[in-house]
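Peer 1: Pasting a structure here, questions to come.
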Amino acid sequence: MVGIWKILIAVPVGFLILSYLKLLWTRSRYPPGPFPLPLIGSLWWVGLRLSPDSLTKVAKKYGSMCTIWIAHYPIIILSGFQTVKEGLINHSEELLDRPITHFVIKAFNRKGIGFANGHSWKEQRRFGIVTMRNLGLGKKGMEYQIEEEARRLVEAFSQRKGEPFVPSLLISNAISSLISVVSFGYRFSHEDDMFQKLMEGVDAMAQFSVSFFHVLYNFFPWLMKYLPGPHKNALSYMQIALSFAKEEIKKHKECQEPQEPQDFIDFYLIQMEKSKGDPKSTFSEENLAQSILDLFAAGTETTSSTLQWALLFMVAYPNIQERVYKEMEYVFGSSHSICYQDRKKLPYTNAVIHEVQRAKYILPVGVPRRCSKDLKMLGYHIPRKTLVVTDLNSVLSDPKHWETPGEFNPNHFLDKEGNELLKKNFCHLEQVNAQLLYGHFLCLSSKGTACAFK
């Protein structure tokens, strides 16, 4: 009996030792990084979460391209503007894929845009970008919807009559209403039960994605699917949100007018009909439902956070707030309705909006990438399927490209006369914005911020 126990202990211990020796041998081929320990990898050095501070610490010691290990899995970290640009621009083909974890497969089934790869991702993303442009700020109808929602938001602020209040819920409701217009063609009442379930589902998935239980699920999927916990709640909310999206799709199919598409669902159903004879087409109701959730996930929290930071900076820097207000008063007076094209007449206000996005960017790291093929970069060979993470914070605080990276300084986006945006710095920010699933929602935040300032 004792002999059996010795074998049962020796086998897994031996396996762990061999795995660790393999890791040490493999490590020499990757960029430098903190020394990995058995089981925990580099977590002893960087902590449980990839915070901006921990990534800055790693880059300072090991360079702009380094490796951290989560257990025996390598993650390549790209830091600084030049290195991130090298990866995302010069090696975009090799870094097209997204990492597909066990939980992602269970929750999203490789559908939509945010969690798909290969041909499906390319086709869905291409359609999404084109359709968002068709529905975007160049259209008068959408421009009016944004102005109307901004007016409601400012009116809600005014009703507080100068008393302290928390604006987060009002802002989130305004943004989600706009995404409803884009997706469904009309805005929902914020008291609508089903719409609230949709938003709760999106929020639950966002919260779970950065939780410790998400990591546990991906390491022990065979065990976690039998255990209770927040992963069960997240999956349940996901199904409720998908059911809501599918119900809206059903309503659109019943009263569809192909000649006059009004929203994202209309355009998608038309594309489904066009693609019926194409065996390679990935257009389906399942992909459409997931893409709708992607719109809400990509647009709500990102745009809402940007607007909240903008308001906070205006409170913290009253001199900047005053200058923004005076510029708007000088250009438009007190009664002019601001449209998106007016940003060209407001160089300082536009610079402030961009500086908000630079100083407090809503994502500490870019959407993780996975090498779709072997990658040779900066003298290193990165094998296929390796995870690559871009440190966006390092790009937007790189002292080589920003005069005062640690300060809130709108002059980062102005020339010496203060009249026009510096194209170089604007491009830096736009390339970082491209990390988002739909950069078009940043236009909504710009528009909403300008109206809120007004």
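Read the figures in this text as sums done on the coordinates, not as results from a lab. From a predicted model like this one, the values you see are computed outputs, not experimental measurements. Positions of Cβ are generated from backbone atoms using ideal geometry, with glycine treated the same way; all protein chains shown enter the neighbour counts.
Peer 1: How many residues does segment 204-214 hold that are closer than 26 Å to Ile40 by Cα and touching a helix residue (DSSP H, G or I) at 6+ places or on another chain (Cβ under 7 Å)? Walk me through how you get there before you give the answer.
Peer 2: First, the residues of segment 204-214 that are closer than 26 Å to Ile40 by Cα: 205-214.
Then drop every residue that is not touching a helix residue (DSSP H, G or I) at 6+ places or on another chain (Cβ under 7 Å), which leaves 205-206, 208, 211, 213-214.
The number of residues fulfilling the criteria is 6.
Peer 1: If you go through segment 264-282, how many residues are touching a residue at least 40 places away in the same chain (Cβ under 8 Å) and either surrounded by 21 or more Cβ atoms within 10 Å (Cβ to Cβ) or assigned to a helix (DSSP H, G or I) (or both)?
Peer 2: Residues of segment 264-282 touching a residue at least 40 places away in the same chain (Cβ under 8 Å): 264-268, 271, 280-282.
Next cut, either surrounded by 21 or more Cβ atoms within 10 Å (Cβ to Cβ) or assigned to a helix (DSSP H, G or I) (or both) only: 264-268, 271.
Counting residues in segment 264-282 that are touching a residue at least 40 places away in the same chain (Cβ under 8 Å) and either surrounded by 21 or more Cβ atoms within 10 Å (Cβ to Cβ) or assigned to a helix (DSSP H, G or I) (or both) gives 6.
Peer 1: Return the residue satisfying two criteria in turn: it lies in segment 215-251 and is part of a loop (DSSP other than H, G, I, E, B) and out of contact with any helix residue (DSSP H, G or I) (no Cβ under 7 Å at 6 or more places or on another chain), and of such residues it is nearest to Asp266 (Cα to Cα).
Peer 2: Initial filter on segment 215-251 (part of a loop (DSSP other than H, G, I, E, B)): 220, 225-229.
When the remaining residues are screened for being out of contact with any helix residue (DSSP H, G or I) (no Cβ under 7 Å at 6 or more places or on another chain), the result is 220, 225-228.
Details: Phe220: 40, Lys225: 37, Tyr226: 40, Leu227: 40, Pro228: 39 Å.
Out of the qualifying residues, it is Lys225.
Peer 1: Restricting to segment 357-385, name every residue that is over 24 Å from the mean Cα position of the chain (by Cα) and among the hydrophobic types (A, V, I, L, M, F, W, C).
Peer 2: Leu375, Met377, Leu378, Ile382
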